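S.K.: Sending over a structure as structure tokens; questions will come in a sec.
Any read-out appearing in this document is the output of simple, stated calculations on the displayed coordinates, not a laboratory observation. What you see is a predicted model; the values in this text were computed from it and never measured. Cβ sites come from the backbone with ideal geometry, for glycine too, and all protein chains shown count toward neighbours.
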2 protein chains.
Amino acid sequence: MTRLVLCAGTTRTAEIDGISAAGADADLMAHTPSADGEILTYGRPVRAPVVPVSPTGCPTPAVVTRAVVERLGVETTVVDAGLAEPTGAPTVTVGARPGEDIRERDPVPSAPGAFVAAREFGRKLPDDELYLAETVPGGTTTALGVLTALGEADVLGDGAVSSSLPENPLELKRRVVGEALEASALAPGDAAGRPTVALRRVGDPALAVVCGLATGALETDTAVTLAGGTQLVAAAACLRHGGYDRSLSLATTSFVAEDPAIDLDRAAAALDLSVTVTDPGFTDEHPAMAAFEAGEAKEGVGMGGALALAERTGLPMGDVREGLLEVYGRLFEGTDREAPKP
Amino acid sequence: MTRLVLCAGTTRTAEIDGISAAGADADLMAHTPSADGEILTYGRPVRAPVVPVSPTGCPTPAVVTRAVVERLGVETTVVDAGLAEPTGAPTVTVGARPGEDIRERDPVPSAPGAFVAAREFGRKLPDDELYLAETVPGGTTTALGVLTALGEADVLGDGAVSSSLPENPLELKRRVVGEALEASALAPGDAAGRPTVALRRVGDPALAVVCGLATGALETDTAVTLAGGTQLVAAAACLRHGGYDRSLSLATTSFVAEDPAIDLDRAAAALDLSVTVTDPGFTDEHPAMAAFEAGEAKEGVGMGGALALAERTGLPMGDVREGLLEVYGRLFEGTDREAPKP
């Protein structure tokens, strides 16, 4: 059996102006992972008081993942990987707390404990196969922080990570990471071989939980697919620095693979990643799809993994697109916002 | 769509010697609801360090419910309705805390708040139909407490509730309830029309959450089936005392319906309950089934509701029995206990 596990958390790094698009309004961004858990579980927001759709009409990638799991009957589990706002999604507790801005000295003190608890949980899950996904606004910046601390800043190209914004604020991210390393008195590479140090000092709790789950699952011979973009590449780097030396799988979207800011092949070679890229065949005919085509969002909530599962089981991409529009419509029901129409 | 919601909680009332069979060993009883959530979610215990099987081989009713939901693909959600021990099941939070022994003065101070949060959650769930279930060792005693405080002690017969033990310790339960009322300075009937007072003073957190969920769901015209035995009758009484006056549905097992200690027809008439009783056709050929036949467990974790769903969708009871033995076998995997064989 296959289970998709969503590690949903927060880092106050996302509050830095210009860092993240995950949440149209910065004040509401902290609700996005809580809403993503609900959309994945129930197919719509339940408790979270937000419609996670950007001003241009780009929905959270959770709608794509939900459309797929709903059609394939894939089991899903949400882990509280540092949520800051209530969620109506049922969550597994591993002791993760919301992350502070990585420019603080010790922004994720819960990372080592959450890693251990997630690892133990990953060892005990009864599934044959896990798809591990994340939702954490600001997560590509913390991913760059972790890669840099491990001495792997250039694994995706020169200090590169992807972005949920069409205009990737890479210079800003590098500056934030530089300040973060300074605040933790770390030089690039100082955390090599010590992934939990990197996760605690310049990372985020969701990434720590992904790494713990993967470690525990791999130890018990459960197949693992890292379902996501550059944040999951950072998870792969953590697994390598933790000593795991067998092949790793990553499944992501064509939007990440085609992102000119990063070189995914380079990361695949450097980290021995078997990469599956799936193109959902979005068109410009509906704002929800056009926004992805324009480079918004790109990945998250296991979208690339869900698309890979759809491809593997022969679910036509036309059905996925239809499902996306159906779930998208539900996001607006009972709210005062109107769904953008083609 | 149908969702089975399990309200999993604890009350220290269960620690009173001779009250409950839910947990072979009193020290491990607090783990039973946590294990039930895991069995319902994953088909086996994950984190809970117990095998919820009595010395005679009687498993938790969770194995029957899981066997059905696994075959029918019914969605399940576990609500933390006052768990005292960690669970690997994902849980929804409504602010419920473990209940104290009802002989204390204010044993469930979290009941009113949890009722309100569960009601709000019940209003927002997107399903067409909810089956509401409980797992709370000691729960029939607190149910008797609630019924008595509402002035409904005789709704199931003279101060009667069912039991997970073949020999129902009714005298002990009545004595405990008498002491509980005294500790809260309540006379029988003093909480009439005030169900949250009854739930807080002489009830348990799981019953409070069931009542909140039912109230919210019914307010938004979601169909509700109370999936259980006399504890769910107590929930129905709370809904009546809360002013709900349309018909209510209850689905339970033949083991409850045939329990000579109680008169389910009387409760159905008094509370206007439409009752569905389902007989799983257990035989003596395997200890796991023979124990139910001998009157152990009887109900819990939505077993009667799951059986009703199986009946309604045409799943043969032979498949349910096969599923029960399959899930039962999994409980012992990786432990030092051996599954009793026919």
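S.K.: Could you give the size of the charge dipole of the protein assembly as shown about its Cα centre, using +1 on the Cβ of each K and R and -1 on the Cβ of each D and E, expressed in debye and rounded to the nearest 20?
M.R.: Details: 54 positive and 98 negative charges, 145 e Å.
Result for the protein assembly as shown is approximately 700 debye, rounded to the nearest 20.
S.K.: Assigning unit charges at the beta carbon (Lys, Arg +1; Asp, Glu -1) and nothing else, what dipole magnitude in debye, to the nearest 20, does chain B show about its Cα centre? Intermediate results must be reported in sequence, preceding the final value.
M.R.: Details: 27 positive and 49 negative charges, 165 e Å.
Computed about the Cα centre, the dipole is about 800 debye.
S.K.: Determine the shielding of peptide A:126-134 by partner chains: average, over its residues, the number of Cβ atoms on other chains within 10 angstrom of each Cβ. Walk me through the intermediate numbers first.
M.R.: Working: counts 8, 1, 0, 0, 0, 0, 0, 0, 0.
For peptide A:126-134, the averaged partner shielding equals 1.
S.K.: Give the long-range amide H neighbours of A:Val79: residues separated by 5 or more places, or on another chain, with amide H under 5 Å away, using H modelled in the peptide plane at 1.01 Å from N.
M.R.: Result for A:Val79 returns A:Leu6, A:Cys7, A:Ala8, A:Val92.
S.K.: While we're looking at this one, here's another question. Quick one: among B:Leu72, B:Leu83, B:Leu150, which has the greatest mean-square fluctuation in a GNM of chain B with alpha-carbon springs under 10 angstrom?
M.R.: Judging by the Gaussian network model, the answer is B:Leu72.
S.K.: Along the positive direction of the dipole of region A:2-332 (beta-carbon charges: Lys, Arg +1; Asp, Glu -1; about the Cα centre), which of A:Gly18, A:Cys58, A:Thr230 reaches farthest?
M.R.: A:Thr230
S.K.: Moving to a separate point now. So what is the calculated 222 nm ellipticity per residue for chain B, using -39500 (n - 2.57) for each DSSP H run with n of 4 or more, over all residues, to the nearest 500 deg cm²/dmol?
M.R.: Details: 14 runs with 147 residues, N = 342.
Theoretical 222 nm ellipticity from helices: -13000 deg cm²/dmol.
S.K.: For every other residue with a beta carbon closer than 10 angstrom to the beta carbon of B:Ala290, add +1 if it is Lys or Arg and -1 if Asp or Glu, then tell me the sum.
M.R.: On the way: positive: none; negative: B:Asp284, B:Glu285, B:Glu293, B:Glu296.
Taking every other residue near B:Ala290 into account, the sum is -4.
S.K.: Where in region A:129-198 are there GluC sites (Glu not before Pro) that are in a DSSP coil and have at most 14 other Cβ atoms within 10 angstrom of their Cβ?
M.R.: Working: sites: A:Glu129, A:Glu134, A:Glu152, A:Glu167, A:Glu171, A:Glu179, A:Glu182; in loops: A:Glu152, A:Glu167.
Of the GluC sites (Glu not before Pro), the ones in loops of region A:129-198 whose Cβ has at most 14 other Cβ atoms within 10 Å are A:Glu167.
S.K.: Taking θ = phi - 60°, what integer Hz values does the Karplus form 6.51 cos²θ - 1.76 cosθ + 1.60 yield along region B:222-228, in sequence order, with x for Gly and Pro?
M.R.: Karplus values, whole Hz, x for Gly and Pro: 7, 5, 10, 10, 7, 9, x.
S.K.: A further question follows. To the nearest whole number, what is the average tally of beta carbon atoms from other chains within 10 Å of the beta carbons of peptide B:293-305? Intermediate values should be presented prior to the final figure.
M.R.: Working: counts 0, 0, 0, 0, 0, 0, 0, 0, 0, 0, 0, 0, 0.
Taking the mean over all residues of the peptide, I get 0.
S.K.: Something else about it: What are the DSSP H helices in chain B that stretch 18 Å or more along their long axis, judged by alpha-carbon atoms, and whose average Kyte-Doolittle hydropathy comes to at least 0.0?
M.R.: Working: long enough: B:111-124 (20 Å, -0.13); B:170-183 (19 Å, -0.03); B:205-219 (21 Å, 1.53); B:317-332 (23 Å, 0.16).
Helix filter hits for chain B: B:205-219, B:317-332.
S.K.: Another question, if that's okay. Output the antiparallel fraction of DSSP beta bridges having both residues in chain A, as a percent to the nearest 5. It would help to have the intermediate numbers written out before the result.
M.R.: Details: 1 of 33 bridges.
Close to 5 percent.
S.K.: Once the dipole of region B:2-332 is set up with Lys and Arg at +1 and Asp and Glu at -1 on Cβ about the Cα centre, which of B:Leu4, B:Leu213, B:Gly145 lies farthest towards its positive end?
M.R.: Going by the charge dipole, the pick is B:Leu213.
S.K.: May I ask which residue of B:Ala187, B:Ser162, B:Ile39 lies farthest towards the positive end of the charge dipole of the protein assembly as shown, with charges of +1 (Lys, Arg) and -1 (Asp, Glu) on Cβ and the Cα centre as origin?
M.R.: Positive-end residue among those listed: B:Ala187.
S.K.: How high is the FRET efficiency between A:Ser274 and A:Glu179 when r is their beta carbon distance and R₀ equals 30 Å, given to the nearest 0.05? Don't skip to the end; give the middle numbers.
M.R.: Details: r = 35 Å, r/R0 = 1.17.
E between A:Ser274 and A:Glu179, to the nearest 0.05, is 0.30.
S.K.: Would you please give the residues with an amide H less than 5 Å from that of B:Thr276, counting only those at least 5 places away or on a separate chain, with H modeled from the backbone geometry?
M.R.: It is B:Leu250, B:Ala251, B:Thr252, by chain and number.
S.K.: Okay, next question. Can you pick out the pairs among A:Lys124/A:Lys173; A:Lys173/B:Lys124; A:Lys124/B:Lys298 whose Cα atoms lie more than 32 Å from each other?
M.R.: Values: A:Lys124/A:Lys173 37 Å; A:Lys173/B:Lys124 38 Å; A:Lys124/B:Lys298 30 Å.
Long pairs (Cα-Cα over 32 Å): A:Lys124/A:Lys173; A:Lys173/B:Lys124.
S.K.: Near A:Lys341, which aspartates and glutamates are there with a Cα under 15 Å away, not counting those fewer than 8 places off in the same chain?
M.R.: Answer for A:Lys341, where 15 Å is the Cα cut-off: A:Asp284, A:Glu285, A:Glu322, A:Glu326, A:Glu333, listed by chain and number.
S.K.: With θ taken as phi - 60° and the coefficients 6.51, -1.76 and 1.60, list the Karplus ³J(HN,Hα) couplings across region A:274-285 in order, rounded to whole Hz; mark glycine and proline as x.
M.R.: 8, 9, 10, 10, 10, 9, x, x, 5, 10, 7, 6
S.K.: Tally the DSSP beta bridges in the protein assembly as shown and give the antiparallel ones as a percent, rounded to 5.
M.R.: Details: 3 of 67 bridges.
Taking every DSSP beta bridge within the protein assembly as shown, about 5 percent pair in antiparallel fashion.
S.K.: At a 10 angstrom cut-off on C-beta neighbours, averaged per residue, how do the peptides B:47-58, A:308-319, B:280-291 rank from highest to lowest?
M.R.: Details: B:47-58: 19.7, A:308-319: 15.8, B:280-291: 18.0.
Top to bottom by mean Cβ count within 10 Å: B:47-58, B:280-291, A:308-319.
S.K.: Something else: At 0.36 nm per residue, minus the direct Cα-Cα distance, what do B:Glu104 and B:Leu325 gain on full extension? Give it in nm, one decimal, please.
M.R.: Numbers: separation 221, 0.36 × 221 = 79.56 nm, distance 4.05 nm.
Gain in length upon complete extension: 75.5 nm.
S.K.: What average count of beta carbons from other chains do you get within 10 Å of the Cβ of residues in B:85-93? Intermediate results must be reported in sequence, preceding the final value.
M.R.: On the way: counts 0, 5, 2, 8, 4, 13, 6, 9, 8.
Partner-chain Cβ atoms within 10 Å, mean over residues of B:85-93: 6.
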